[in-house]
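Below is one structure, written out as structure tokens, with a few remarks after it.
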Amino acid sequence: MALKEGLLCLLAAGDSHGYELKSRLEATTADTWRINIGQIYTTLQRLERDGLAARSETDGGRVVYSLTGAGRRVASEWMASPVGLAAAGRDEISLKILVALRSGVDDPRRVVERQRGSTMALLQDYTRLKPDEADEADDIGWLLHLDRLIFSAEAELRWLDRVESRLESMAEPPRVIDVGRERASVREQASAGGQEAASREEARR
């Protein structure tokens, strides 16, 4: 979450105190970002330290923050810079599928199927949350957030379909080991080894 840059942009609209910035930020994001007031004040202190915001007191003793020239430049640069996508292949489901494929602890096709069911359920939940068309004009912040969740879920479902297709096209099916049986075998070998060592020790006596 780009909290620092978000606060700078809000300060560009006018001087504010911490609680006001918290309320404005949550209202701006349709309450999809719930921010602890401690995070707000910690970030404001860092902005002041870095010369991006200035602190002053009103006649009533309330502390307010204003944007400096350097802060305005940072806010403008942030708005002008595209947001990079997360590094591909470093999400948990990608790792889980690859580990299943290489280790054999589970069938990667079952991993895909379980994930598809979970993502499909989420997509259905998100779709049910969409407001009626009559209310859409009043819920732009919530709608943008919900659209993002829906499209992300749809993209994951398409990706899972592709993963399944690639797994099916493999020359050899994924190898799956029975972890429970492997553990039992290890225990049996350890037990047998222990008994053999005990027998040798008894023979020495």
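The values are calculated or read from the model by the stated rules, or taken from the named source; none is laboratory data. Source: prediction; values computed, not measured. Cβ sites come from the backbone with ideal geometry, for glycine too, and all protein chains shown count toward neighbours.
The table below gives the values:
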| read-out | value |
| --- | --- |
| Tally, over region 11-26, of residues that are among the aliphatic types (A, V, I, L, M) and within 22 Å of the chain's Cα centre (by Cα) | 1 |
| Residues within region 96-121 that are in a helix (DSSP H, G or I) and either surrounded by 16 or more Cβ atoms within 10 Å (Cβ to Cβ) or at positive phi (or both), tallied | 11 |
| Count of region 41-64 residues which are touching a Gly at 6+ places or on another chain (Cβ under 8 Å), at pLDDT 95 or above and farther than 13 Å from Leu7 by Cβ | 1 |
| Residue within region 2-24 that is under 21 Å from Gly141 (Cβ atoms), out of contact with any strand residue (DSSP E or B) (no Cβ under 9 Å at 6 or more places or on another chain) and at pLDDT below 90 present | yes |
| Region 28-50 residues that are of a type outside the set (Gly, Ala, Ser), paired with ones that are at pLDDT below 85 and part of a helix (DSSP H, G or I) (beta carbon under 6 Å, 6 or more apart) | Thr29/Gly141 |
| Region 122-141: number of residues that are at pLDDT 85 or above and assigned to a helix (DSSP H, G or I) | 7 |
| Boolean, Ala86 is exposed (fewer than 10 other Cβ atoms within 10 Å of the Cβ), under 30 Å from Leu52 (Cβ atoms) and modelled with pLDDT under 85 | yes |
| Filtered residue count, region 25-40, keeping only those that are small (Gly, Ala, Ser) and either modelled with pLDDT of 90 or more or not in a helix (DSSP H, G or I) (or both) | 2 |
| Filter result (among the polar types (S, T, N, Q) and modelled with pLDDT under 95) within region 65-83 | Ser76, Ser81 |
